[in-house]
Structure formats: structure tokens, C-alpha cells
Amino acid sequence: MNNQKDKLLDELRFWLPIMKEHAVFIGIGLPCDESKLIKKAQDYENSYDSLIKKVKCPNEQSLDTIAEEALNLNLEFIQYLTFVLDSLIECTLGGSLYPLLIDHMRREAIRFSVNIIKLRSKSTIIPTEELIQKELFWSKIMVDHSEFIAHFLDPSEDKFINDAHMFSDAFNRLHCQAEDFESMLEITPRPIPSLIRFSNEMLQVGEDFRRFNIAIYELLNSCQILSIIPTQLAKHLLQEAERFLFEIKRDLNSLEYIKSPCDLYSAPMPPVFPPSNTPCPSCPSPNPSMPTPCYPPIQPMPHPSCPASSVPEAPILKPSTPETENILTIDAKKSEIELIVPAQPIVRPKKNFFQPNTSQIKINFK
Ligand SMILES: [Fe+2]
């Protein structure tokens, strides 16, 4: 399988179980008399579960089919999450689900969907922009996680609540600074040294937060902390913290390949490597003495030589017009659940005003 396929497989293997768990958390947080919504959450749980089984040992052909199934399921799940969120913010639904929790789950479902579309269409995003977009996404996700922990702990657990708020503040500051880098580098994205320093700071805070997540998980497991956090949720938060660290490290690694202006647009994709503590699912090997590797071993990639004729003196930047815009449009199937208000299209990334930078993805809901 090629690098793009490895990345797609890696995305599916991480996000499908996360989506399944979201369906579980919604099912247990809904009021018990909401049988239709609870049944729907259980259906999503089962559908994600069957995709998780399929993605364990796919071949190249089945991977594409699984990715399409996952995308369709996600787009339906996004509409379900929208309905639940709208009902919560219109105060027509009770239960123990925070609106921010559902919004958080919806953001993750959108991101997963957009990544599937990107990886299947081979759309382009330059590595610096990819890094900044990931930092924006994950820093906000980590803010939310810190707040969820603070609000699910027993009010008497002052020390841990304070620690959780401290992480929320730290990630909030990092999120604001990532927005500043996004703005400063929007027109001429490149890995300037301060962005690399900032990314390493984010990794440092992320490592501390990962340790905090482990502590919460272990204290819950040994019944040494007062809270209403289900152990499964604590594990889920820890897995996402690890994924955040893995993705930022992977992108920083990819910036190593950018050495000259021509690489800005033609640098090869870096090798994909799984997080070291994620066990690879075991696939049957044609030769039992040689286990099938889940990912190709990491090889140092030769740096491509930039043909003189292709070296641009400066990136050619031009404003996008409706004719030159590179927008990939996907139409979501209408879900059984009737939304409270008509859904607007989702566009990612939200900003894109020059070529040949980033392909933009638009998802329409009927
Ligand atoms: Fe999350």
C-alpha cells in the first residue's frame, strides 16, 4: 500500500473506535424516556463496530470501500449529533449531556470525514498549513477535555479541578497563539523557527496533560478519586491526548523534508508511523514466521532534488476566483432524523484564498 493508503488506514483505525465510543456516551447520557434517540445511538454503535472489524485486515480495494462506508456513516452521525445539539440548546432535551460535549463530538466527526475525503481524493495541503490546522484543532479539543474533566469531578476534588483548569488555560493560550501563526503565515506558509519552537511548547504541555490523563484514569480505576467520569471516558480522553501528540510529532517530522522553496509544494509525504504504545492489530501472515507489518518500516526518505526549471523564485500567489477555486464538494445523504433548522454546508479549511495552496472541502446537507 502506498503512503496515502497507510494514512487512510491509520485514520480509520484511530477514529472509528472513537466514533463508536461517542455513540455509547450519548446513549448513556440521554434521558431514559428518549427511546428513539437511544435506539439510534445504539445503531451507530453497532455500525461503527462492524466497520472496526472490517478495518482490521483490509486489502487495498476493500480499504476504499470501508472508507466510503465510514464517510457515509459519519455524515449521517453528524446530522444526528446536530439534532441532539440543537435539541439541547433549544432546551427541548434533558439528560446529562453537555451541549459542548456534543459540539466537541461533532467537530471530531467532521474532522474525521474531511480527512477521509482528503486522503481519498489526494487533495493537497502544504505541510506548514497542515501543522497549524492540526494545532488549532487539537488545542481546542484539549481545552474541552480539560473542562470536561473539571466538570465531571466531584466538587470536593479541588486540587484536580484546579489542575484541569490550569491545563484548560494553557491550551487556550496555545490555541490563541496558533491562530496568530495561522494569520501571520496565511499568505506565505513556511516553517519559521518560532513556529517550530511554539510546536515544541505545545508538545510539552501535551505531554504534561497526557500524564494528568493517566493519573485520572488510574485513580478512577482504583476508586481513589470522587467523580462521575466513566472509566471508559477517561481512557477515551487519554487516547485522544496520545493521538494529538502523535499527529503534531508526525507533522513536525514532515517539516524536516522542506529544505527549499520548491519543496514547499512538492515535498513527499512523510512516512506514517503508528504511536509507539498502540499495538498493531494482528493480521494473518502468508508466511507464519514473518508477521505482516501493519505499516511499512520507517525508511529515511531521500530528499528529492529540485529540478532547476521547477524552482520558482517565489510562490505564485493569486487571489482565488470562482473559476480557480479548488473546492471538492460532497453531498451528504439525507438522514432519517429531521433537523430542527436546515443545515448549512460545512467548509474546511474555513479560509482559503489563494492557489495552489490547499484544496477546500465542502459538505452539503440536504
Ligand atoms: Fe475528544
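Of note:
- Considering residues of the stretch 88-110 that are in contact (Cβ under 8 Å) with a residue 60 or more places away in the chain and more than 15 Å from G27 (Cα to Cα) only, the residue farthest from the ligand (Cβ to nearest atom): E90
- If you go through the stretch 83-117 and keep only what is among the small types (G, A, S) and under 11 Å from the mean Cα position of the chain (by Cα), you end up with A109, S113.
- S146 fulfils the conditions (1) polar (S, T, N, Q); (2) within 14 Å of the ligand (Cβ to nearest atom); (3) not assigned by TED's automatic domain parsing to the domain that holds N253 except for a single criterion, (3).
- Output for the stretch 149-161, where each listed residue is surrounded by 14 or more Cβ atoms within 10 Å (Cβ to Cβ), out of contact with any His (no Cβ under 6 Å at 6 or more places or on another chain) and without any contact (Cβ under 8 Å) to a residue 60 or more places away in the chain: H151, I161
- Taken together, A170, A164 contain a single residue that is within 14 Å of E201 (Cα to Cα) and surrounded by 20 or more Cβ atoms within 10 Å (Cβ to Cβ), which is A170.
- Any hit, the stretch 128-135, residues being under 15 Å from the mean Cα position of the chain (by Cα), within 16 Å of the ligand (Cβ to nearest atom) and at pLDDT 95 or above: yes
- Test: residue in the stretch 249-260 that is more than 16 Å from the ligand (Cβ to nearest atom), among the aromatic types (F, W, Y), more than 28 Å from R106 (Cα to Cα) and in contact (Cβ under 8 Å) with a residue 40 or more places away in the chain: yes
- I132, sole failed condition from (1) assigned by TED's automatic domain parsing to the domain that holds I66; (2) in a helix (DSSP H, G or I); (3) not small (G, A, S): (1)
- Residue in the stretch 151-163 that is among the basic types (K, R), within 15 Å of the ligand (Cβ to nearest atom) and either under 16 Å from the mean Cα position of the chain (by Cα) or in a helix (DSSP H, G or I) (or both) present: no
- Positions within the stretch 9-48 being charged (D, E, K, R), more than 13 Å from L81 (Cβ to Cβ) and away from the ligand (no atom under 16 Å from the Cβ), in sequence order: D10, R13, D33, E34, K36, K39, D43, E45
- Test: residue in the stretch 231-250 that is part of a helix (DSSP H, G or I) and modelled with pLDDT under 95: yes
- A234 within 14 Å of the ligand (Cβ to nearest atom), touching a Gly at 6+ places or on another chain (Cβ under 7 Å) and in the same structural domain as A170 (by TED's automatic domain parsing): no
- Which listed residue is over 19 Å from I363 (Cβ atoms), in contact with a Pro (Cβ under 9 Å, 6 or more places away or on another chain), among the hydrophobic types (A, V, I, L, M, F, W, C) and crowded, with 20+ Cβ neighbours inside 10 Å, from I132, I89: I132
The rows are residues; the columns are (1) under 20 Å from the mean Cα position of the chain (by Cα); (2) in the same structural domain as S96 (by TED's automatic domain parsing); (3) within 16 Å of the ligand (Cβ to nearest atom); (4) crowded, with 18+ Cβ neighbours inside 10 Å.
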residue: H175; (1), (2), (3), (4): yes, no, yes, yes
residue: A178; (1), (2), (3), (4): yes, no, no, yes
residue: I192; (1), (2), (3), (4): no, no, no, no
residue: Q224; (1), (2), (3), (4): no, no, no, no
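The values are calculated or read from the model by the stated rules, or taken from the named source; none is laboratory data. As the structure is a prediction and not an experimental result, all values here were calculated from the model. As a convention, Cβ positions derive from the backbone with ideal geometry for all residues, glycine included, and neighbour counts pool all protein chains shown.
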